[in-house]
1. Within the group Lys160, Lys168, Lys164, which residue is assigned by TED's automatic domain parsing to the domain that holds Lys93, of a type outside the set (Val, Ile, Thr), touching a helix residue (DSSP H, G or I) at 6+ places or on another chain (Cβ under 7 Å) and farther than 19 Å from Phe82 by Cα?
2. Are there any pairs with C-beta distances below 9 angstrom linking a residue in the stretch 162-187 that is more than 15 Å from Ile101 (Cβ to Cβ) to a residue that is among the hydroxyl-bearing types (Ser, Thr, Tyr), with the two at least 6 apart or on different chains, and if so which?
3. Within the stretch 66-104, track down each residue that is over 14 Å from Ser162 (Cβ atoms) and among the hydroxyl-bearing types (Ser, Thr, Tyr).
4. Scan the stretch 191-205 for residues that are surrounded by fewer than 19 Cβ atoms within 10 Å (Cβ to Cβ) and either outside any helix (DSSP H, G or I) or not acidic (Asp, Glu) (or both) and report the count.
5. I'd like to check something: does the stretch 142-165 contain any residue that is at pLDDT 85 or above, under 22 Å from the mean Cα position of the chain (by Cα), within 21 Å of Ala196 (Cβ to Cβ) and exposed (fewer than 14 other Cβ atoms within 10 Å of the Cβ)?
6. May I ask you to list pairs of residues, at least six apart or on different chains, whose Cβ atoms are under 6 Å apart, with the first in the stretch 114-127 being closer than 10 Å to Gln140 by Cβ and the second being surrounded by 13 or more Cβ atoms within 10 Å (Cβ to Cβ)?
7. Scan the stretch 117-176 for residues that are touching a strand residue (DSSP E or B) at 6+ places or on another chain (Cβ under 7 Å) and not in a loop (DSSP other than H, G, I, E, B) and report the count.
8. With the requirement that a residue be within 24 Å of Glu90 (Cβ to Cβ) and basic (Lys, Arg), what does the stretch 150-205 give you?
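The values are calculated or read from the model by the stated rules, or taken from the named source; none is laboratory data. Remember, it's a predicted structure, so these values are computed and weren't measured experimentally. Cβ placement follows ideal geometry from the backbone for every residue including glycine, while neighbour counts extend to all protein chains displayed.
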Amino acid sequence: MAKQNSSKQKKMNARVDFTPMVDMIMLLVTFFMLCTTLQKPQTMEIAMPSDKEDIKEEDRSQIAASKAITIMVDEGRTIYYFRGKPSEAELNKTEFGKNGIRAMLMDANKAAQKKVEQLKKKYEQKQSSSPQEAAAIKEQYKKELDEIRDGDDTPDVIIKPSEKATYKDLIDILDEMQICSIGKYVIDKFTEADKAQIEAKFGAK
């Protein structure tokens, strides 16, 4: 009796090696940790008026009338502003942009703007290829720029966003402070007196 040729098929054990995937995950985690560490958050310093009850309303924003500018941001990106005391100043209406509120702020801050231009020219000649020296020059430039923005030549601005103004409107008006080299500004409450002042001049909406 002839022997039957029996062929046995070898069984292969399927096994997935996850070691390279673990290495890849560790590399990604390290990469994101480094990126998060290197990215410094950009913040904007805002001087807020005091909320203490023992401070009178007229003393809350005690500013020299000759340098005071009050900006009220209303719905539809409409801006109202006046210079000096509310009872004596003329209320004006404008909008965002270089021909609007920026032009007025630039005109009110001419002296500081001139100093900023001189400062830029001064530090253009102080460039350095050394990272340490470049960082020191940049730090000194920022320090002198802050001194100009907070100097006696710059106006004191009170920003009053109404309830109908958007968050973008507030950010845009704060950007105008930076563009116009104004370092002294506060965000105050939009009161019923402000609303009445607008309606008396331009009518109710």
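1. On the way: Lys160 fails: farther than 19 Å from Phe82 by Cα; Lys168 fails: touching a helix residue (DSSP H, G or I) at 6+ places or on another chain (Cβ under 7 Å).
Of the residues listed, the single one that is assigned by TED's automatic domain parsing to the domain that holds Lys93, of a type outside the set (Val, Ile, Thr), touching a helix residue (DSSP H, G or I) at 6+ places or on another chain (Cβ under 7 Å) and farther than 19 Å from Phe82 by Cα is Lys164.
2. Matching pairs, first to second residue: Gly183/Thr154; Lys184/Thr154; Val186/Ser61.
3. Those that are over 14 Å from Ser162 (Cβ atoms) and among the hydroxyl-bearing types (Ser, Thr, Tyr): Ser66, Ser87, Thr94.
4. Taking the stretch 191-205 as the starting set, the residues that turn out to be surrounded by fewer than 19 Cβ atoms within 10 Å (Cβ to Cβ) are 191-193, 195-196, 199-205.
Checking the rest, the ones that are also either outside any helix (DSSP H, G or I) or not acidic (Asp, Glu) (or both) come to 191, 193, 195-196, 200-205.
Counting residues in the stretch 191-205 that are surrounded by fewer than 19 Cβ atoms within 10 Å (Cβ to Cβ) and either outside any helix (DSSP H, G or I) or not acidic (Asp, Glu) (or both) gives 10.
5. Yes: one or more hits.
6. Tyr123/Tyr141; Lys126/Ile137
7. Filtering the stretch 117-176 for residues touching a strand residue (DSSP E or B) at 6+ places or on another chain (Cβ under 7 Å) gives 155-162, 164-165, 169-170, 173.
Imposing the further condition that a residue be not in a loop (DSSP other than H, G, I, E, B) reduces the set to 156-161, 169-170, 173.
Final tally of qualifying residues: 9.
8. Passing the criteria: Lys160, Lys164, Lys184, Lys189, Lys195, Lys201, Lys205.
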